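Undergrad: Before anything else, here's the structure in question.
The values are calculated or read from the model by the stated rules, or taken from the named source; none is laboratory data. Bear in mind the structure is a predicted one, so any value in this text is a computation, not a measurement. Reconstructed Cβ throughout: ideal geometry from the backbone, glycine too, with neighbour counts over all protein chains shown. These area figures cover heavy atoms from the full protein model, side chains too; ligands, DNA and RNA do not enter into them. Shrake-Rupley method; radii C 1.70, N 1.55, O 1.52, S 1.80 Å.
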Amino acid sequence: MGEQKFNLEEYLTRGVEKIVGGIIRSTLKNGETSRFMIHYAKAAGAAVRKRHEHEMRGEHIPAFLIASITNACNLHCGGCYARAVDMCFDGSREEKPLMNTDDWDRVFEEAEALGVSFVLLAGGEPMMRKDVLEAAGSHRDILFPVITNGTLIGEELLPLLKKNPNLLPVISVEGDRETTDGRRGEGVYDNIVSSMDILDKNGILYGASVTVTKDNLEEVTGEGFVSGLRRKGCRAIIYIEYVPANELTRCLAPDDEDREKMKERIHSLRESEKSMMFISFPGDEKEAGGCLAAGRGFFHINPFGAVEPCPFSAFSDTDVRKSGLLGALKSPLFHALEEGGLLAVEHTGGCVLYEREEQVRKIWENRE
């Protein structure tokens, strides 16, 4: 009998249930969180049933969605992929209009109806779109991890986060002070540690996002780093393999040996740190049988409403404002990527679609 594939959706669902149970059993300063978690435990089960009903009708609904709700950011991190591909920039330019509050609210409403359980909010810096965060917070059947640099969590946003426990801040950290400030700027580490303390003090559930490079892999998968985050109240860590912004930064991307080490470390952490949840991208995809992009496990909506296979593959043939989510999942590009077998091929790291950009481009140009 072959080795059983890792089921990322099942692991995340079980992980959330485990965290939910722990929160309900514990005494929190924010009672709203406990009440929400009891509600969400029921909603997550109902969402599974909704997705199953669609599956029976031949419509696959992924449990996850990635929404980049802004192209603005208050930091200039070294090696930033979004800035390298001109998806994130300062000031204004002659561009098609950004998705407005109502546009995003409609996306969240349809996601809720279809049974999407998690909508990851990214950017840019998503904390700069308070309007969209407020809209997201009203959709209580969805958990919204918010990938943030953590520098804007303060008096203005704290009431919003306390009121809406389905907004889960996921703070980006690269390791210790030297490593984090080296990439994100002087003083950022102390700022995000202060934000973590504020969240923990107020009983707000939060996680951490770690971009893994050859330089920081040992540190960020080590027990000392992880246990330090746990003691600060962190309940989940998302490990993301570094995607090179250009040829000069390709040397930072983990190689096969690094990824194998990372896989072993994360398996070990899942056993030793039972109160936390660990997600690896794209490591968990490989164990799940291939790339989960293009609607297989998730897809991406950029700040302008373009539906893309993933954040690292900026090709689109669909505008979600015209198609809706269900229509977006019928994207000819998504279908061509799936039928062409590109989502199942081996890759050397980071993102299979980014690594085979020219192949994706040809598929995009020749799609039906």
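Undergrad: How about region 148-194: which of its residues are open to solvent by less than 30 Å² (accessible area, probe 1.4 Å) and on the phi > 0 side of the Ramachandran plot?
TA: G150, G175, G185
Undergrad: Okay, moving on. Looking for whichever is buried (at least 23 other Cβ atoms within 10 Å of the Cβ) and either in contact with a Lys or Arg (Cβ under 8 Å, 6 or more places away or on another chain) or over 30 Å from G45 (Cβ atoms) (or both) here; the options are G123, G137. Which one fits?
TA: G123
Undergrad: Look at region 203-251 and say how many of its residues are in contact with a Ser or Thr (Cβ under 8 Å, 6 or more places away or on another chain) and hydroxyl-bearing (S, T, Y).
TA: Residues that pass the stated criteria total 4.
Undergrad: I've got another one for you. Determine if region 25-44 includes at least one residue that is under 21 Å from V307 (Cβ atoms), modelled with pLDDT of 80 or more and either in contact with a Leu (Cβ under 6 Å, 6 or more places away or on another chain) or open to solvent by 30 Å² or more (accessible area, probe 1.4 Å) (or both).
TA: No.
Undergrad: Okay, next question. I'm trying to understand the selection: among the residues of region 207-222, which are closer than 12 Å to M276 by Cβ and free of Cβ contacts under 8 Å to residues at least 60 places away in the same chain?
TA: A208
A quick yes/no check of all residues on (1) assigned to a loop (DSSP other than H, G, I, E, B); (2) open to solvent by less than 20 Å² (accessible area, probe 1.4 Å); (3) at pLDDT 90 or above:
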{"site": "E285", "(1), (2), (3)": "no, yes, no"}
{"site": "L292", "(1), (2), (3)": "yes, no, no"}
{"site": "G295", "(1), (2), (3)": "yes, yes, no"}
{"site": "F304", "(1), (2), (3)": "yes, yes, yes"}
{"site": "L326", "(1), (2), (3)": "no, no, yes"}
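Undergrad: Scanning region 64-109 for residues that are touching a strand residue (DSSP E or B) at 6+ places or on another chain (Cβ under 8 Å), in a loop (DSSP other than H, G, I, E, B) and at pLDDT 75 or above, which turns out nearest to H52 (Cα to Cα)?
TA: I69
Let's see how each residue does on (1) under 18 Å from F299 (Cα atoms); (2) in a strand (DSSP E or B); (3) modelled with pLDDT of 95 or more; (4) out of contact with any Phe, Trp or Tyr (no Cβ under 6 Å at 6 or more places or on another chain):
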site	(1), (2), (3), (4)
A111	yes, no, yes, yes
L121	yes, yes, yes, no
G124	yes, no, no, yes
M127	no, no, yes, yes
L133	no, no, yes, yes
H139	no, no, yes, no
P145	yes, yes, no, yes
I153	no, no, no, yes
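Undergrad: I'd like the residue in region 59-79 that is under 12 Å from the mean Cα position of the chain (by Cα) and under 11 Å from F298 (Cβ atoms) and, out of all such residues, is surrounded by the fewest Cβ atoms within 10 Å (Cβ to Cβ).
TA: Out of the qualifying residues, it is F64.
Undergrad: While we're here: Could you tell me whether any residue of region 219-236 is of a type outside the set (S, T, N, Q), at pLDDT below 90 and not in a helix (DSSP H, G or I)?
TA: yes
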